[in-house]
Every structure is written in structure tokens, then in C-alpha cells.
Amino acid sequence: MPRSHKTLSRLFIDAPLSAGASVELGREQTNYVLTVMRMKAGEALVVFNGRDGAWMARIADAHRKGAVLEIVVQTQHQTPKSDLWFGFAPLKTGRLDYLVQKATEMGAGVIQPVITRYTQVQKLKADKLVANVIEAAEQCEVLSVPEIRAEVGLTELLAHWQQTQGLRRLVFCDESAPTHSPLRQLRDLDGLPIGILVGPEGGFSDDERNHLLAQGFVVPISLGPRILRADTAAVAALTVVQSIIGDWR
Ligand code: SAH
């Protein structure tokens with residue numbers, strides 16, 4: 001991947017970015033830049049906001065109460081947000097953080113928690129999930145932060161899928177599918193908007209599996225002959241989709 005200013009730290013800031021603009025950081029980001037990153041006045045970093053591309057910025061004022069950045073020059077044009085939808089059954093906190101970070105690194109544009117029969121966690125802390133995807137976005141140099149949606153039940157998701165998702169096909173990672181390479185099924189979806197669904201540690205219930213398989217927009221795939229943990233399955237599914245019909249091409 002061609003990289004510019006790769007030695008500079010990257011920071012997501014939700015403020016308009018244009019040459020000569022000044023942006024005052026909040027307390028948390030000021031602390032991050034001055035204390036954690038130990039940056040000083042005059043030093044440069046790269047900032048992005050998900051709308052205006054990436055910009056080289058300088059610390060104009062290293063004030064502990066609120067560092068001020070001067071936006072200098074654009075280093076990358078804004079690229080379109082990813083259209084890849086990723087649905088998963090939430091896991092216990094530690095693994096959940098890992099999973100949303102991996103989904104971000106693997107190019108998901110929408111991250112949708114789906115509550116299924118065997119999902120362990122019911123209430124999610126949205127601000128923690130957002131903090132995780134922002135951190136992952138900064139690290140993997142994407143220019144947009146994936147959208148984290150509010151959790152939804154599987155039955156409700158499927159009931160509204162066609163009216164809300166149009167032509168999008170839902171790639172259903174089915175641990176009970178006969179082992180096969182997903183290559184052919186995925187190739188047949190090339191050019192269509194894609195969603196990926198991964199179940200919880202306890203898997204999908206038989207009713208859920210039958211309900212999913214009965215939907216015309218659902219495409220079940222196997223992820224090989226072993227039962228993968230949900231976070232492994234998430235990365236494996238995102239890998240096969242991105243490499244066969246996604247943005248790795
Ligand atoms: N404990 C369950 C498995 C759950 S694995 C059991 O023993 O049945 C968690 C999720 O990862 C599954 O719901 C599925 O979406 C995905 N997954 C794991 N291994 C898979 C495989 N070999 N093929 C397809 N999906 C898989």
C-alpha cells in the first residue's frame with residue numbers, strides 16, 4: 001500500500017480540516033498527544049476526520065489544558081467509506097474489543113452487533129466500542145472510522161434486511177455447513193454489496209440456522225474443517241471476502 005508520512009503518528013479528530021485551520025483538542029486527546037505520545041510544540045502528526053482526507057498538522061500550542069493543532073497540508077485525499085457490513089454476536093468484553101478492532105483493520109464499514117439465542121452479552125458499551133474502532137483506524141491508516149450500530153436481534157435483522165439493505169447478500173458463516181472452499185459462492189457474489197455474519201461462542205441455534213438458510217439473500221459458507229472461535233472466524237471470513245471479492249484486489 002503506498003504510504004505517505006508513515007513515520008508520523010495519526011490522530012482522528014472530529015473537526016473540519018483545511019489548510020491553516022486551528023483545532024483545539026479536548027482534554028483526553030491533549031493528554032494522549034502531550035503525555036502518552038510525549039509530543040512537543042512544533043512537532044508534526046497526521047490527522048483525519050473521515051470526511052476531508054488526511055492532513056499533516058503541527059502542535060501550535062502545547063497547553064496542558066488543551067493543545068492546539070495548526071492544520072498545514074493535505075497528505076491524502078478522502079477515499080470512499082467501505083461498504084462492507086459486518087455482523088457478529090457480541091463476545092465477552094476483552095474478545096469483543098479485539099473483534100471490533102480486527103473488523104476495522106479488515107475493512108468493515110459498518111459493524112453491527114447481533115443478539116442471538118446463545119449470545120453471552122446483552123448490553124454493549126457503545127463509547128468503548130467506538131474508542132476501539134478509532135484506535136484501530138488510526139493504527140491501520142484508514143481514512144474513515146467504521147460505523148458502530150446499536151445491537152439488534154437476529155430475527156428483527158432478518159425481517160428488515162431486504163427493505164433496509166436492498167441487494168446486499170448476507171454471507172452466513174455456518175459452522176454446520178459441509179466443509180468446502182467458499183471460493184465459488186463468493187465469486188458468484190462479485191459486484192454485489194456484501195454483509196458477513198458470525199455467530200457467538202455457542203454457535204447458532206438450529207432454529208436460527210434454519211431461519212437464516214430460508215432467506216433468499218443469505219449465502220452460507222464454510223470456513224474450513226475446524227470449528228473456529230468466533231473472533232478467529234471473524235478474521236477468516238473477512239479475509240476470504242476481502243481477498244476474493246473485496247478491496248484486496
Ligand atoms: N461452539 C459452537 C461453534 C461456534 S463458533 C459449536 O461447537 O457448534 C462461532 C461462530 O464462528 C459460528 O457461529 C460461525 O459463525 C463461525 N464459525 C466457526 N467455525 C466455522 C466454520 N468451520 N465454518 C463456518 N463458520 C464457522
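What follows draws every value from the coordinates through simple rules; no lab data is involved. Keep in mind it's a predicted model, so treat the numbers as computed, not measured. FYI the Cβ positions are ideal-geometry reconstructions off the backbone, even for glycines, and counts take in every protein chain you see.
General remarks:
- Ranking of 37, 106 by neighbouring Cβ atoms within 10 Å, starting from the fewest: 37, 106.
- Against the chain, whose longest principal axis comes from its Cα atoms, helix 126-140 is set at around 70 degrees.
- Loop sites in region 51-150: GluC sites (Glu not before Pro), DSSP, at most 11 other Cβ within 10 Å: none
- Mean projected area of the Cα convex hull of region 149-249, taken over all directions, amounts to 6.5 nm².
- Computed from Cα positions, the angle between helix 93-105 and the longest principal axis of the chain comes to roughly 80 degrees.
- GNM top mover of 79, 155, 35 - the chain, alpha-carbon springs below 10 Å: 35
- Rounded if a/c under 1.5, otherwise prolate or oblate - region 65-133, Cα gyration tensor axes: oblate
- The aspartates and glutamates within cross-link reach of residue 102, meaning a Cα-to-Cα straight distance under 12 Å and a gap of 8 or more places when in the same chain, are 135, 231.
- For region 53-167: span of alpha carbons on each principal axis (Å, largest first): 52, 33, 20
- Taking Cβ atoms as reference points and 15 Å as the exclusive limit, the residues near residue 173 contribute a net charge of 0, counting Lys and Arg as +1 and Asp and Glu as -1.
- Under a Gaussian network description of the chain, with springs only between Cα atoms under 10 Å, the residue in 220, 146, 16 that fluctuates furthest is 16.
- Alpha-carbon centroid distance for the pair region 134-167 / region 217-233, whole angstrom: 19
- P(r) tail for region 1-68: Cα pairs beyond 21 Å make up 18% of the total.
- Distance violations [Cα-Cα > 22 Å] among 81/123; 6/40; 6/128; 6/125: 81/123; 6/128; 6/125
- Applying a DSSP loop filter and a limit of 14 other Cβ atoms within 10 Å to the chymotrypsin sites (Phe, Trp or Tyr not before Pro) in region 159-225 leaves nothing.
- Of 234, 131, 103, the residue with the greatest mean-square motion in the GNM of the chain, using alpha carbon springs below 10 Å, is 131.
- Anisotropy class of region 85-244 from Cα gyration tensor, a/c 1.5 cut: rounded
- Taking every DSSP helix (H) stretch of at least 4 residues in the chain, weighting each as -39,500 (n - 2.57) and dividing the sum by the residue count yields a mean residue ellipticity at 222 nm of -9000 deg cm²/dmol.
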